[in-house]
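Data first, discussion second: the structure below is written as structure tokens.
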Amino acid sequence: MFNKIKVFLEMIKFEHTLFALPFAFMGSILGAITLQGRMPSWTEIGWILVAMVGARSAAMALNRVIDAAYDAKNPRTANRAIPAGLLKFGEVIVFTVVSFGLLIWAALKLQPLSLLLLPIAVFMLVFYSFTKRFTWLCHVILGLTIALAPLGGWVAVTNVVDWTAMVFFLTVALWTAGFDIVYACQDYEFDKKEGLHSIPVRFGIANSLMIARGFHIVTAIGFISLTFMTELSWLYLIGTLIAAGLMIYEHLIVKPNDLTRLNTAFFTMNGVLSVVVFVFSLLDLVVLR
């Protein structure tokens, strides 16, 4: 039983929930303070956590089912749970349904707009896994999907979507799309051979890294702009400058002819970045208020 749970957690990369979860909490806190002058309740935070775990688990499990045939062919992914025979399709599908159930349950406990927007979220979580079969914009679509985390956190406590929420949404979307472009560079040869679509396949690795840099420049601008649109101030701004420095470092260690440090750029730097932005925003909103 414990081994099976471990395989499931490895399949969905549960630890990578760290990428989006801090932004979901940040969205809820920022929205509640900006629009309502309060902090989210612990109950609201708890249901946002349930929603995030459900959404992330469902999306990753479904992606593994949809991509199983390609994963089996790709040396980098051939040891994943389904192609390696560690999990059966039926088991993963049941896990996916249960995970979506958690998401729906949480939406029912939050603001009414959360439930109204739920079909869009579910559609994006399912749709993304198919996009690399027909468009090199798959990275942008993934970004828009992941960015539902801060937008969902905002809506969960405010029942409103406004311009500030949309700026936050698009900022996280470009951040995600940028690092996904970098990550996709390692599958350039495989994707090209299999007829899959990506920005690296369409534009080449060197140009793709430049596109990712451009996305992250706009990301930095987006994070900084939140200072002027919300109750955030100088302490948060320090956090955004640290985040910008992390993105610069990420691009310095990944080069077109040297992708050996790509996992450091993808996993370590981006996990740290989301935590840094969240922690500094929390300290700014709580300590300086």
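Has segment 9-31 got any residue that is basic (Lys, Arg), modelled with pLDDT of 90 or more and farther than 17 Å from ALA121 by Cα? Before you say what the answer is, go through the steps one by one.
Taking segment 9-31 as the starting set, the residues that turn out to be basic (Lys, Arg) are 13.
From what is left, the residues that are modelled with pLDDT of 90 or more are none.
Scanning segment 9-31 turns up no residue that is basic (Lys, Arg), modelled with pLDDT of 90 or more and farther than 17 Å from ALA121 by Cα.
How many residues does segment 126-155 hold that are touching a helix residue (DSSP H, G or I) at 6+ places or on another chain (Cβ under 8 Å) and of a type in the set (Lys, Arg)?
1
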Mind counting the residues in segment 70-120 that are open to solvent by less than 70 Å² (accessible area, probe 1.4 Å), part of a loop (DSSP other than H, G, I, E, B) and closer than 30 Å to GLU189 by Cβ? 10
May I ask you to list the residues in segment 147-174 that are in a helix (DSSP H, G or I) and either small (Gly, Ala, Ser) or modelled with pLDDT under 95 (or both)? ALA149, GLY152, GLY153, ALA156, ALA165, ALA173
So LEU62 fits all but one of (1) free of Cβ contacts under 8 Å to residues at least 60 places away in the same chain; (2) open to solvent by 30 Å² or more (accessible area, probe 1.4 Å); (3) of a type in the set (A, V, I, L, M, F, W, C); what number is the exception? (1)
From (1) touching an Asp or Glu at 6+ places or on another chain (Cβ under 9 Å); (2) more than 14 Å from PRO150 (Cα to Cα), pick out the condition that doesn't hold for ALA32. (2)
Has segment 34-56 got any residue that is part of a helix (DSSP H, G or I), in contact (Cβ under 8 Å) with a residue 24 or more places away in the chain, more than 22 Å from VAL126 (Cα to Cα) and under 22 Å from the mean Cα position of the chain (by Cα)? yes
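Limited to segment 121-143, what total is found for residues that are loosely packed, with under 14 Cβ neighbours inside 10 Å and over 20 Å from the mean Cα position of the chain (by Cα)?
1
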Within segment 239-263, can you find the residues that are among the β-branched types (Val, Ile, Thr), within 17 Å of HIS216 (Cα to Cα) and open to solvent by 30 Å² or more (accessible area, probe 1.4 Å)? ILE242, ILE248
From the list SER198, SER225, which one is more than 18 Å from CYS138 (Cα to Cα) and polar (S, T, N, Q)? SER225
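The values are calculated or read from the model by the stated rules, or taken from the named source; none is laboratory data. Model, not experiment: these values are computed from the prediction. Cβ atoms come from the backbone with ideal geometry, glycine included; neighbour counts cover every protein chain shown. Heads up: the accessible areas ignore ligands, DNA and RNA and are worked out on the full protein's heavy atoms, side chains in. Shrake-Rupley method; radii C 1.70, N 1.55, O 1.52, S 1.80 Å.
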